[in-house]
1. Projecting each Cα onto the charge dipole of the chain (Lys/Arg +1, Asp/Glu -1 at the beta carbon, about the Cα centre), which of L72, Y102, G44 comes out farthest on the positive side?
2. For S235, S79, S171, which order do you get if you count the other beta carbons within 10 Å of each Cβ and list the fewest first?
3. What percent does the relative contact order of the chain come to when contacts are Cα pairs within less than 8 Å and at least six residues apart?
4. Give K17/K66; K120/K215; K90/K120; K66/K259; K120/K259; K66/K249 a once-over and call out the pairs whose C-alpha atoms are over 22 Å from each other.
5. Let me have the 222 nm mean residue ellipticity of the chain computed from DSSP H runs of 4+ only, each contributing -39500 (n - 2.57), with the sum over all residues rounded to the nearest 500.
6. Between rounded, prolate and oblate, where does region 3-266 land on the alpha carbon gyration tensor, with a ≥ b ≥ c its root eigenvalues, rounded for a/c under 1.5, else prolate if a/b exceeds b/c?
7. Starting from the Cα-Cα distance between E135 and S14, subtract it from 0.36 nm times their residue separation and give me the gain in nm to one decimal.
8. Neighbouring Cβ atoms within 10 Å as the yardstick, rank D228, D147, D83 fewest first.
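Every read-out reported here was derived from the displayed coordinates using simple, explicitly stated rules and does not represent laboratory data. Here the structure is a predicted model, which is why all the values come from computation and not from measurement. Note that we place each Cβ from the backbone using ideal geometry, even for glycine, and neighbour counts take in every protein chain shown.
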Amino acid sequence: MNRLRRRLADLRESRRKALVAFITGGDPDRATTAPALHALVSGGADVLEVGVPFSDPEAEGPAVQKSSERALAVGTRLSDVLDIVKQFRKDDANTPVLLMGYLNSFERMGYREFVDRAAKAGVDGVIVVNLPPEEAREFAALMHERDLDIVFLIAPTTTPGRIETIAARASGFIYYVALRGVTGANHLTTDGIAEQIERIRACTDVPIMIGFGIKDGASASRVAPLADGVVVGSSIVSTMESLQKEPMKIPAALEAQVKEIRTAIDR
C-alpha cells in the first residue's frame, strides 16, 4: 500500500475528511515550490497535488492558467517538477504527492522513463486530465508495477454506464468535478452532488474527492460531508500570485489559508 492509499485509509478509519491542496510546480519560481508544499502540510493538507506546467491547460480557469504561464516563463518542465518532489521528500517522507497535468508532458518524457523517475522521486500517483481510462492501459500498467496510482475524473454529466467503467479502473481516489466549467469557477452549488456521489459509491469503495469551485472554509465545509474529502487549488494559486514579487511571504500565507479550510472541515 503506497502513501496515498495508506493516508486515505487512515482518514476513513478515523472518520476525518481529506484535504487535498494543489499548487503548480515552479510557480512563481522553482525555489519557492518545496517550501510552499511544506507550508500546505503545516496548515493541515493531507494530500498534495503538484501541477505540471503546460501551455494549454484546457480544464483550468484563469488562476491556474496564469500559474502555468509563470512556471513556464522561468523554464519549469516535468523533470524540474520531479526534482521539486525529490527535494520535498528530504524533509517529508509521509505526505502523499500526486502530479496533476496533461498527457503531452508524460508522453514527451516517455511513460517508462517517467514512471521510473517518479517512483524514485517519491511521487505516489498522477491525475492526467485528458487521459480517459480506455486509453490509459499502457501507462496504468507501468504505474501499477511501481505501486503508483492514476486518478480518474468523473463529472456531473458522466452517465451511469460511464461511471461504472471509470470506477472499475480507479485507484487512489476518484476526483469528482463538482461543476460544469473550469477550475476556480464561482458557481459551485451542492445540487445533484450527493446523488452523483451515491452512484459512484455503488460502483466502488475507492475514496471520492470533490474538486473545482472550492475556495475556502465555507465552501469546503458545505461539500466535504458528501464525500471522502475536498480538493482546493485555484484560491491557493491566487494567493501565490498575489505574493509573487514577495515569495518569502508565500509559505506563511499558504499555511494560514489552509488552516482556515482545515478548521472549517473538521468543525
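1. Value: G44.
2. Details: S235 17, S79 14, S171 20.
Ranking S235, S79, S171 by Cβ neighbours within 10 Å, fewest first, gives S79, S235, S171.
3. On the way: 520 pairs, mean separation 63.9, N = 267.
About 24 percent, as a whole number.
4. On the way: K17/K66 29 Å; K120/K215 33 Å; K90/K120 12 Å; K66/K259 25 Å; K120/K259 30 Å; K66/K249 19 Å.
Table pairs above 22 Å Cα-Cα are K17/K66; K120/K215; K66/K259; K120/K259.
5. On the way: 12 runs with 127 residues, N = 267.
When only DSSP H runs of four or more count, the value is -14000 deg cm²/dmol.
6. Working: a/c = 1.42, a/b = 1.12, b/c = 1.26.
Since a/c stays below 1.5, the shape of region 3-266 is classed as rounded.
7. Numbers: separation 121, 0.36 × 121 = 43.56 nm, distance 3.57 nm.
Additional length available on full extension: 40.0 nm.
8. Working: D228 22, D147 15, D83 18.
Ascending Cβ contact count within 10 Å gives the list D147, D83, D228.
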